[in-house]
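Asks: Before I ask anything, here is the structure I am working with.
The values are calculated or read from the model by the stated rules, or taken from the named source; none is laboratory data. Given the structure is predicted, the values throughout are model-derived calculations rather than measurements. Every residue, glycine as well, gets a Cβ built from its backbone with ideal geometry; the counts of neighbours run over all protein chains shown.
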Amino acid sequence: MVLTKLIFSFVRQTSHKTFIMAQWVLGHKIKPQHVSGDYDLVIGETPAQTPGPPPHHHTAFHEVFLVTHGEMEFMVNGEVTKVKKGESINLPPQSVHSFSNKSENPCKWVNIHSPKGFLRFFEDLGVPDTEDNAQQKSVDPEIIQKVIQTAAEYDMIISL
């Protein structure tokens, strides 16, 4: 038991990528999950009336959202679709997409990117959940500008 606590403490202190905390990214709360496969998995929650990221596409990533609570509106290649609890949406590479929660209730979801690699975007541009006003900080104009300037480095090609 003592050894387990010591190892956990060491891993937590030496590698932020090994122990990933919940973060706020562009107004959405995400909790990255560790997986052994060649994909990234996050559990997310979007407060009511929260816009999403700017329309964008990925050249290499396949992406899937599964809504587990509430509903989310997705724009994919110019078409708007409402995805409700228990439904999913598949976003192949090159599909221009965005999402938002226009409802009066929070939405919870699971997001997968394959192959592994997009998690770096959340790690680098997210605001730790433990910070005061983390959600508000995650949509600060300075953060938005940084996302726009660096998005392509994460295979997030913004379509303005």
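Asks: If you check Lys82 against the conditions, is it in contact with a strand residue (DSSP E or B) (Cβ under 6 Å, 6 or more places away or on another chain), farther than 17 Å from Gln23 by Cα and free of Cβ contacts under 8 Å to residues at least 12 places away in the same chain?
Replies: Taking the combined requirement at face value, the residue satisfies it.
Asks: Against the condition surrounded by 14 or more Cβ atoms within 10 Å (Cβ to Cβ), closer than 14 Å to Gly27 by Cα, of a type in the set (Gly, Ala, Ser) and in contact (Cβ under 8 Å) with a residue 40 or more places away in the chain, how does Gly52 come out, does it pass?
Replies: It is true that Gly52 is surrounded by 14 or more Cβ atoms within 10 Å (Cβ to Cβ), closer than 14 Å to Gly27 by Cα, of a type in the set (Gly, Ala, Ser) and in contact (Cβ under 8 Å) with a residue 40 or more places away in the chain.
Asks: Using the structure shown, decide if Ala60 is hydrophobic (A, V, I, L, M, F, W, C) and under 24 Å from Asp140 (Cβ atoms). Spell out the reasoning first.
Replies: Numbers: hydrophobic (A, V, I, L, M, F, W, C): yes; under 24 Å from Asp140 (Cβ atoms): no.
When the stated conditions are applied, Ala60 does not pass them.
Asks: Continuing with this model, one more query. Residue by residue through the range 23-45, note down the ones that are more than 13 Å from Leu119 (Cβ to Cβ) and modelled with pLDDT of 95 or more.
Replies: Trp24, Leu26, Gly27, His28, Lys29, Glu45
Asks: So, one more: Considering each residue of the range 128-154, count those that are surrounded by 15 or more Cβ atoms within 10 Å (Cβ to Cβ) and either within 12 Å of the chain's Cα centre (by Cα) or of a type in the set (Ser, Thr, Tyr) (or both), and give that number.
Replies: Of the residues in the range 128-154, 2 are surrounded by 15 or more Cβ atoms within 10 Å (Cβ to Cβ) and either within 12 Å of the chain's Cα centre (by Cα) or of a type in the set (Ser, Thr, Tyr) (or both).
Asks: Another question, if that's okay. Which condition number in (1) within 23 Å of Thr150 (Cα to Cα); (2) surrounded by 16 or more Cβ atoms within 10 Å (Cβ to Cβ); (3) hydrophobic (A, V, I, L, M, F, W, C); (4) at pLDDT 95 or above is the one that Ile89 fails?
Replies: (1)
Asks: Now a separate question. What are the pairs, 6+ residues apart or on separate chains, where a residue within the range 93-116 that is farther than 13 Å from Val42 by Cβ and touching a residue at least 40 places away in the same chain (Cβ under 8 Å) has its Cβ under 7 Å from a residue that is of a type in the set (A, V, I, L, M, F, W, C) and not in a strand (DSSP E or B)?
Replies: Asn101/Ala48; Ser103/Ala48; Glu104/Ala48; Asn105/Ala48; Pro106/Ala48
Asks: Scan the range 121-140 residue by residue and report those that are over 19 Å from Gln49 (Cβ atoms) and either in contact with a Cys (Cβ under 8 Å, 6 or more places away or on another chain) or not β-branched (Val, Ile, Thr) (or both).
Replies: At the first step, the residues of the range 121-140 found to be over 19 Å from Gln49 (Cβ atoms) are 121-132.
Hits for the range 121-140 are Phe121, Phe122, Glu123, Asp124, Leu125, Gly126, Pro128, Asp129, Glu131, Asp132.
Asks: Kindly provide the set of residues from the range 55-86 that are among the small types (Gly, Ala, Ser) and either touching a Lys or Arg at 6+ places or on another chain (Cβ under 7 Å) or crowded, with 16+ Cβ neighbours inside 10 Å (or both), ordered by number.
Replies: First pass over the range 55-86, keeping only residues among the small types (Gly, Ala, Ser): 60, 70, 78, 86.
Matches in the range 55-86: Gly70 only.
Asks: Ok, one more. Show me the helices (runs of 4 or more DSSP H) entirely contained within the range 64-160 in which 2 or more residues are among the polar types (S, T, N, Q). Step through it out loud before you land on a result.
Replies: Working: elements: 119-125, 134-137, 141-150.
The qualifying helices (runs of 4 or more DSSP H) are 134-137, 141-150.
Asks: Separate question: Does at least one position in the range 50-70 carry a residue that is closer than 19 Å to Ile157 by Cα, modelled with pLDDT of 95 or more and of a type in the set (D, E, K, R)?
Replies: Checked the range 50-70: at least one residue is closer than 19 Å to Ile157 by Cα, modelled with pLDDT of 95 or more and of a type in the set (D, E, K, R).
Asks: What number of residues in the range 32-49 are free of Cβ contacts under 8 Å to residues at least 12 places away in the same chain and either buried (at least 18 other Cβ atoms within 10 Å of the Cβ) or small (Gly, Ala, Ser) (or both)?
Replies: Of the residues in the range 32-49, 1 are free of Cβ contacts under 8 Å to residues at least 12 places away in the same chain and either buried (at least 18 other Cβ atoms within 10 Å of the Cβ) or small (Gly, Ala, Ser) (or both).
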